[in-house]
Amino acid sequence: MPIRAAYGTDPRQVEKILIDIACAHSMVITSSPNIDSPWVLFKDFGDSALLFELRAFITDIDCKMMVMSDINYSIAEAFHLAGIIIPFPQTDLHFRSSDIAGLNPAK
């Protein structure tokens, strides 16, 4: 599951929250000698966010979408309580007055 967090967020705090949430879900496998427990990848410094990925194995692949939805609700709530912002992509445009047609008196 991809997760984004605002720049300035403590990556280790994000990791802990995500692991705690995954381990709390009844369908996520957390203790098996043959299967890894949930883990978090800090994938990249994106254009407008820190990019993470939560990885976990579940007991029934047919329930994947339900488990992802449950976990997303939990992430939204936990991030809100922790003051972690989930950013959206942004682009800033800067115009000079001479770039705008009709505003440059020399033309």
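Please rank 30, 59, fewest neighbouring Cβ atoms within 10 Å first, as an exposure proxy. Display every interim value, and only then the final one.
Values: 30 16, 59 10.
Lowest to highest Cβ neighbour count: 59, 30.
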| query | Among 83, 35, 63, which residue has its Cα positioned farthest towards the positive end of the charge dipole of the stretch 2-99, with +1 placed on the Cβ of Lys and Arg, -1 on the Cβ of Asp and Glu, and the dipole taken about the Cα centre? | reply | 83
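Once Rh for the chain is found with the Kirkwood sum over Cα pairs, what is the Stokes-Einstein diffusion coefficient at 10 °C and 1.306 mPa s, in µm²/s?
Working: Rh = 16.2 Å.
Using the Kirkwood radius from Cα pairs, D works out to 98 µm²/s.
Kindly put 28, 14 in sequence by how many other C-beta atoms sit within 10 Å of each C-beta, fewest to most. If you can, show how the numbers build up before the last one.
Numbers: 28 19, 14 23.
Ordered from fewest to most neighbouring Cβ atoms within 10 Å, 28, 14 come out as 28, 14.
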| remark: Footprinting proxy, 55, 96, 4: sorted fewest to most Cβ within 10 Å, the residues are 96, 55, 4
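Every number here is computed from the coordinates shown, using simple stated rules; none is lab data. Please read all numbers here as calculations on a predicted model, not as lab measurements. Positions of Cβ are generated from backbone atoms using ideal geometry, with glycine treated the same way; all protein chains shown enter the neighbour counts.
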